[in-house]
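The values are calculated or read from the model by the stated rules, or taken from the named source; none is laboratory data. None of the values given here were measured: they were computed from a predicted structure. Here the Cβ is made from the backbone with ideal geometry for all residues, glycine too, and neighbour counts use every protein chain on show. Side chains included, ligands, DNA and RNA excluded: accessible areas come from the protein's heavy atoms. Shrake-Rupley method; radii C 1.70, N 1.55, O 1.52, S 1.80 Å.
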Amino acid sequence: GSLVAQPGGTSFSDTGLTESTSYTYEVSAVNGAGLESSRSAPVTGTTDADATAPTILSVTSSGNPEIVTIEFSEAVEQASATDPGNYSIDNGIAVLSASLAANSRTVVIGTTTHTLGIVYTLTVNDVRDRATIPNTIAPDTQVTYEFVAQLVISNVTAASGNSYQVAEPFQDGELVYTDRSYTYADVPPELVGSQYIMTANDDKLSSGASFLSFDVNQPVVVFVAHDDALAQKPAWMATFANTGLDVTVVEFTNKTFSLYRKQYPQGQIVLGGNVDTTANGNMYTVIVVPETSDPIDPPPAPTQLRVL
């Protein structure tokens, strides 16, 4: 007697049912005037037993070096999923605890401290699903992963003394500057969600090799969005590569900014001023991503070269 669905066509798939259980359905039709027919004769169907063992969809460790998150393909049993003894990690990592999230598919394990740049292998045994007759994950199921540290940008300082601040996410509609109401549009999908530095547009006539400095806690790729209205780029940008990507700054009219990139190690980063001339234009902005998640890989070096 319960309404299950109102599909627009002549077929419907019911999901999220219990295994080995009979369900009875009745169907009515509704015409264009909203008039409903009487119900059809009841039809009964029985779901199959669950014979599929759980698998691992993903393993991640990000931000906290003592946390690993495991995403299973289906809901798993509380007792086996929260047993730390069912998980092991190589390279000296000890598993200390395991907890099951409310969705019954995500397990968070507490560990000793991970290190950047190391590929770890997680091995899982004896985790069962919630079937009437539980199915157990394949013995010694293994997945590799790397720890990704949370990027921290700090000590942002501009020689002008104007206010600069770290913001996120880099996406359409976000403010570009600390001293203007201009917003971003047409943000490249590769960079959506990144952290960025809101500069001050009053510094658009800044110059010199050392103007903006900030610290990063890990190797990064720095993207500089520079106003296309300034055809001559400052000398310090000669070491930056043009990505071929653009972002729009919505001012009184839309302005196109080209994106340039350069890799930097952990530590202090120093960028120069906006122009090498007195030409007008908007101040650049800065987008920063961890080197390990660089969304734009440079092309491979050419091989098999021939002299003709």
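Which condition number in (1) modelled with pLDDT of 95 or more; (2) closer than 22 Å to Asp50 by Cα; (3) open to solvent by less than 70 Å² (accessible area, probe 1.4 Å) is the one that Ser104 fails?
Among (1) modelled with pLDDT of 95 or more; (2) closer than 22 Å to Asp50 by Cα; (3) open to solvent by less than 70 Å² (accessible area, probe 1.4 Å), Ser104 violates only (1).
How many residues does the range 26-76 contain that are among the β-branched types (Val, Ile, Thr) and touching a Pro at 6+ places or on another chain (Cβ under 7 Å)?
Total meeting the criteria: 1.
Rundown of residues vs (1) out of contact with any strand residue (DSSP E or B) (no Cβ under 6 Å at 6 or more places or on another chain); (2) open to solvent by less than 50 Å² (accessible area, probe 1.4 Å), yes/no style:
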| residue | (1), (2) |
| --- | --- |
| Thr47 | yes, yes |
| Pro65 | no, yes |
| Ile70 | no, yes |
| Thr82 | no, yes |
| Ser88 | no, no |
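Condition first: of a type in the set (Ser, Thr, Tyr) and either modelled with pLDDT under 80 or on the phi > 0 side of the Ramachandran plot (or both). Now tell me which residues in the range 259-308 satisfy that.
Correct list: Thr277, Thr278, Thr292, Ser293, Thr303.
Residues Val148, Val156: which one is under 23 Å from Leu271 (Cα atoms) and either hydroxyl-bearing (Ser, Thr, Tyr) or buried (at least 17 other Cβ atoms within 10 Å of the Cβ) (or both)?
Being under 23 Å from Leu271 (Cα atoms) and either hydroxyl-bearing (Ser, Thr, Tyr) or buried (at least 17 other Cβ atoms within 10 Å of the Cβ) (or both) holds for just one of Val148, Val156, which is Val156.
Within the range 116-133, track down each residue that is out of contact with any helix residue (DSSP H, G or I) (no Cβ under 7 Å at 6 or more places or on another chain), closer than 15 Å to Thr82 by Cβ and part of a loop (DSSP other than H, G, I, E, B).
Arg130
Of the residues Thr113, Thr60, Thr157, which single one is in contact (Cβ under 8 Å) with a residue 40 or more places away in the chain, among the polar types (S, T, N, Q) and part of a loop (DSSP other than H, G, I, E, B)?
Thr113
Between Glu19, Glu36, which is open to solvent by less than 90 Å² (accessible area, probe 1.4 Å) and either on the phi < 0 side of the Ramachandran plot or among the aromatic types (Phe, Trp, Tyr) (or both)?
Residue meeting the stated conditions: Glu19.
Determine if the range 98-105 includes at least one residue that is at negative phi, assigned to a strand (DSSP E or B) and free of Cβ contacts under 8 Å to residues at least 24 places away in the same chain.
Taking every residue of the range 98-105 in turn, at least one turns out to be at negative phi, assigned to a strand (DSSP E or B) and free of Cβ contacts under 8 Å to residues at least 24 places away in the same chain.
Are any of the residues in the range 21-28 over 30 Å from Tyr145 (Cα atoms), out of contact with any Lys or Arg (no Cβ under 8 Å at 6 or more places or on another chain), part of a loop (DSSP other than H, G, I, E, B) and small (Gly, Ala, Ser)?
There is no residue in the range 21-28 that is over 30 Å from Tyr145 (Cα atoms), out of contact with any Lys or Arg (no Cβ under 8 Å at 6 or more places or on another chain), part of a loop (DSSP other than H, G, I, E, B) and small (Gly, Ala, Ser).
Need a quick list: strands (runs of 3 or more DSSP E) entirely within the range 176-259 having at least 2 residues that are among the small types (Gly, Ala, Ser), touching a residue at least 12 places away in the same chain (Cβ under 8 Å) and open to solvent by less than 40 Å² (accessible area, probe 1.4 Å).
Once the strands (runs of 3 or more DSSP E) in the range 176-259 are filtered for at least 2 residues that are among the small types (Gly, Ala, Ser), touching a residue at least 12 places away in the same chain (Cβ under 8 Å) and open to solvent by less than 40 Å² (accessible area, probe 1.4 Å), nothing remains.
Does Pro139 fit the bill of being in contact with a strand residue (DSSP E or B) (Cβ under 7 Å, 6 or more places away or on another chain), surrounded by fewer than 17 Cβ atoms within 10 Å (Cβ to Cβ) and not in a strand (DSSP E or B)?
Against the criterion (in contact with a strand residue (DSSP E or B) (Cβ under 7 Å, 6 or more places away or on another chain), surrounded by fewer than 17 Cβ atoms within 10 Å (Cβ to Cβ) and not in a strand (DSSP E or B)), Pro139 does not qualify.
Would you mention how many residues in the range 115-134 are in contact with an Asp or Glu (Cβ under 7 Å, 6 or more places away or on another chain), surrounded by 15 or more Cβ atoms within 10 Å (Cβ to Cβ) and not hydroxyl-bearing (Ser, Thr, Tyr)?
Final tally of qualifying residues: 6.
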